[in-house]
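Report on one structure; see the data block that follows.
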Amino acid sequence: MARGKGAANGMVEFSPFNFFRFMLTIVVTVYCAIRLLMWLPLVMQLTAGNDRGARLLRRYLLVQALRIRFRRFAWEMVQIVLLFAILCLLIARHWL
Amino acid sequence: MTADASARPSPTLSELPSDMLISYGSELGLAFESDTPRGELLRLVRQRQELLLDIDRDALLDVVVWARQPVRKSASKESLARQIAKITNMRFDGLSDRGLRALARLRGVEAGRGRLRSQVERELKQQENFSSKIRRMRRSVMGSLVSHWLERRREDEAYRFLPENDTQPSLKESIRSQGVVGGIANRLRGVADEYIEAKLDEIEKRIDRKLDEIDERLAEWRDREIQNRMRIVKITLITAIIVAILSLGYDYALSLTRASGEGNVGKATLAHKEHQS
């Protein structure tokens, strides 16, 4: 995993990029899992009920989600897509 | 034809500034170019007012009821036209022939007696531009999905007009039917009811305003949260790119070192062989 191209010769080489990617994957996955596990039961508890409050909350959340204006975030989304494309190119360059 | 004071051409129409004229005309369903001269604006607005005088009020009511716009039964032709200008529905099922003709005339489509209903409908649909059509279809799909999810199947209720303000009988009629004391007491009760109603309306408006403020703040908070999340994603991507570039440089330096090392070993072997020979 943290081996470079010379690993095929039986020589273990340390690649900082592979190491960083590996660490980033672990950190992001653990962070997402923890956040999701903390958030999901709370939301389910709040919205699963059939009483008036829960019904109103469900509707309100839906309305809030529908009212998100994607145009407002369009430029940032474009930036993210471009950065992601650059990262993909760099990763591909590493595999060459 | 109903005598409709508000639909009569206003004597001060020519005194209105151009922006007010544009806003008034747009409310009545007119579409103006940005560089329309003032004289042309006036002419078009007056033409629209004359058209409203010409169209039957019941036909306008038919359109409003078909589109389920909230109006009073006693609403003036102008306020009916304002509601009709907001209609985007293009399914004409349930709209009477006179209503369809009135709608077509307001939208500038020829709708004489001799024309077929289907022909008028087609021309009305053709008038709609592509982006409006897409927006309407998107809203229709979204509306059916959301209503299916939230309300399941709910039959449409029959249309009801907004309540009239002046439904109370006159004092003379009240006294005639309930006597002096009863009539006056009833009128006083009515006045008190109206006062309470007005106060309640005021309180309701204040609560609505507060709720709108809360809603606005929540929407701002939601947008800010989304922006923060996106910023975090961007920072992560930028860091990953920087590390990737550094790593590429590192790999390149490593390969250069390896190549120069292999070159040195090759030279040493060659020198050794020469020495042996």
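The values are calculated or read from the model by the stated rules, or taken from the named source; none is laboratory data. Keep in mind it's a predicted model, so treat the numbers as computed, not measured. Don't worry about glycine lacking a Cβ; one is built from the backbone with ideal geometry, like all the others, and counts go over all protein chains shown.
At a glance:
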quantity: Count of segment A:73-95 residues which are at the interface with chain B (Cβ under 10 Å from one of its Cβ atoms) and modelled with pLDDT under 85; calculated: 1
quantity: Test: residue in segment B:114-129 that is aliphatic (A, V, I, L, M) and at pLDDT 90 or above; calculated: no
quantity: Contacts under 7 angstrom Cβ, first residue in segment B:55-74 being among the small types (Gly, Ala, Ser), partner in a helix (DSSP H, G or I), 6 or more apart; calculated: B:Ala59/B:Arg98; B:Ala59/B:Gly99; B:Ala59/B:Arg101; B:Ala59/B:Ala102
quantity: Residues of segment B:31-56 satisfying the condition of being in contact with a Gly (Cβ under 9 Å, 6 or more places away or on another chain) and of a type outside the set (Val, Ile, Thr); calculated: B:Ala31, B:Phe32, B:Leu41, B:Leu44, B:Arg48
quantity: Failed criterion for A:Phe70 (all others in (1) surrounded by 10 or more Cβ atoms within 10 Å (Cβ to Cβ); (2) more than 8 Å from chain B (Cβ to nearest Cβ) hold); calculated: (1)
quantity: Those residues of segment A:52-67 which are of a type in the set (D, E, K, R), within 9 Å of chain B (Cβ to nearest Cβ) and either in a helix (DSSP H, G or I) or touching a residue at least 24 places away in the same chain (Cβ under 8 Å) (or both), in sequence order; calculated: A:Arg55, A:Arg58, A:Arg59
quantity: Helices (runs of 4 or more DSSP H) contained entirely in segment B:44-160, each with at least 3 residues that are within 14 Å of chain A (Cβ to nearest Cβ); calculated: B:130-151
quantity: Pairs, first in the same structural domain as B:Leu80 (by TED's automatic domain parsing) and in contact (Cβ under 8 Å) with a residue 60 or more places away in the chain in segment B:19-34, second outside any loop (DSSP other than H, G, I, E, B) and not basic (Lys, Arg), C-beta under 7 Å, six or more apart; calculated: B:Gly29/B:Ala81; B:Gly29/B:Ile84; B:Gly29/B:Ala85; B:Gly29/B:Leu106
quantity: Residue check, B:Ile238 more than 19 Å from A:Ala65 (Cβ to Cβ) and away from chain A (no Cβ under 11 Å); calculated: no
quantity: Residue list for segment B:123-138, restricted to those being exposed (fewer than 12 other Cβ atoms within 10 Å of the Cβ) and either touching a Phe, Trp or Tyr at 6+ places or on another chain (Cβ under 8 Å) or not small (Gly, Ala, Ser) (or both); calculated: B:Gln126, B:Asn129, B:Phe130, B:Ile134, B:Met137, B:Arg138
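For every residue, the table says whether it meets (1) of a type in the set (S, T, N, Q); (2) at pLDDT 85 or above.
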| residue | (1), (2) |
| --- | --- |
| B:Ser177 | yes, no |
| B:Arg189 | no, no |
| B:Glu202 | no, yes |
| B:Arg222 | no, yes |
| B:Gln227 | yes, yes |
| B:Ile235 | no, yes |
| B:Leu254 | no, no |
| B:Gly263 | no, no |
